[in-house]
Protein chains: 2
Amino acid sequence: MVFWKRLFSNSETLTSSPNKVEGELLELTDDSLGQSRIVFSTERDIDLYELEELCDAVGWARRPLRKVKKALEFSFLVVTMWEVKGNRQRLVGFARATSDHAFNATIWDVVVHPTFQKKGLGKALMKYTIKKLRSDDISNITLFADPQVVDFYRQLGFVLDPEGIKGMFWYPR
Amino acid sequence: MVFWKRLFSNSETLTSSPNKVEGELLELTDDSLGQSRIVFSTERDIDLYELEELCDAVGWARRPLRKVKKALEFSFLVVTMWEVKGNRQRLVGFARATSDHAFNATIWDVVVHPTFQKKGLGKALMKYTIKKLRSDDISNITLFADPQVVDFYRQLGFVLDPEGIKGMFWYPR
């Protein structure tokens, strides 16, 4: 049973917290996890090895950390989701977006740690990401969805091929 | 009849030209246009009114110039295509890409002036754009194609929904 105590109703910053993470607070009580605080942040100074560990956990192919560092630096938005228990914090979710800072944003690399899946946290992560992009006046939010997550994104308000617009990827030949 | 005298075989810069545009030179002889030089450039200091005029010519909805300026500034790549005749130059094509500077790029706002369409210039513009992105070590080049240009992009090596990956757009609800 998951109970959302507070979902984006205000943006309390964890300044008095002993933790490094600053961001929006979301309290989550879940039978399987005990009492956890889930914190969303847009602070992009992330331990790259911790991020790699998160991506390993969902089976993504490893990428050179040098390039990951550059991608984080040049993404328009980086969102991280943390489990905070007492003094401990753990990276449990991630998403980022590229953008022209004016019209378009494209969301990449959405990941939630397997232990934290099926609790509504992926949805909360995406809602937070969309909220941040909208607050920056980005009107066109796009992504490329793997087949198994098309319905997940559809539930969040993403539309497949609107007006016949098709996602395309270039391959060398 | 279109004859490509030189297509990206070298990157001659028009430094001795009286024109402002610096870029790669492509000479084009076309019966309907007379002798024209077509120049591709990545110089992003563009007259916004000239760009607006080009977008008007293909019937795009007008966008606030303040936002267009910001989008050009924060695009990873801006490609312009110019017709150069003697001392005169005219903006006849445009494309831009957002990127994380590491893995992904997404191409937006590809436009060729109607007078210059059906001459292979759209293809040349896209090839130049792809070449530039590849030279910056971007491996994942993507775009969202309107239905009527899907075949155009397919001919350039773009693949529709590879492995079932779907383009999605978020709409407020």
(request) Evaluate segment B:113-136: report whether one residue or more is assigned to a loop (DSSP other than H, G, I, E, B), over 23 Å from residue B:90 (Cα atoms) and at the interface with another protein chain (Cβ under 7 Å from one of its Cβ atoms). (result) no
(message) When you check residue B:38 against the structure, is it in contact (Cβ under 8 Å) with a residue 12 or more places away in the chain, crowded, with 21+ Cβ neighbours inside 10 Å, within 14 Å of the chain's Cα centre (by Cα) and within 17 Å of residue A:98 (Cβ to Cβ), yes or no?
(response) no
(request) Of the conditions (1) at pLDDT 95 or above; (2) surrounded by 16 or more Cβ atoms within 10 Å (Cβ to Cβ); (3) among the hydroxyl-bearing types (Ser, Thr, Tyr), residue B:49 clears all except one; give me its number. (result) (2)
(message) Tally up the residues in segment A:98-121 that are out of contact with any Asp or Glu (no Cβ under 9 Å at 6 or more places or on another chain), crowded, with 21+ Cβ neighbours inside 10 Å and among the small types (Gly, Ala, Ser), please.
(response) 0
(request) Find the residue count for segment A:70-114, including only residues that are of a type outside the set (D, E, K, R), modelled with pLDDT of 95 or more and over 15 Å from residue A:128 (Cα atoms). (result) 13
(message) Would you confirm, using the coordinates I've provided, whether residue A:74 is in contact (Cβ under 8 Å) with a residue 24 or more places away in the chain, under 28 Å from residue B:139 (Cβ atoms), more than 9 Å from chain B (Cβ to nearest Cβ) and surrounded by fewer than 22 Cβ atoms within 10 Å (Cβ to Cβ)?
(response) no
(request) Identify all residues within segment A:154-171 that are more than 7 Å from chain B (Cβ to nearest Cβ) and either within 23 Å of the chain's Cα centre (by Cα) or closer than 27 Å to residue B:133 by Cα (or both); write none if there are none. (result) A:154, A:155, A:156
(request) Can you tell me which residue within segment A:137-153, out of those that are touching a residue at least 24 places away in the same chain (Cβ under 8 Å) and closer than 30 Å to residue B:135 by Cβ, is farthest from the other protein chains (Cβ to nearest Cβ)? (result) A:138
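The values are calculated or read from the model by the stated rules, or taken from the named source; none is laboratory data. In this text, all values refer to a predicted model and were calculated from it rather than measured experimentally. Here Cβ is always computed from backbone atoms with ideal geometry, including for glycine, and neighbour counts include all displayed protein chains.
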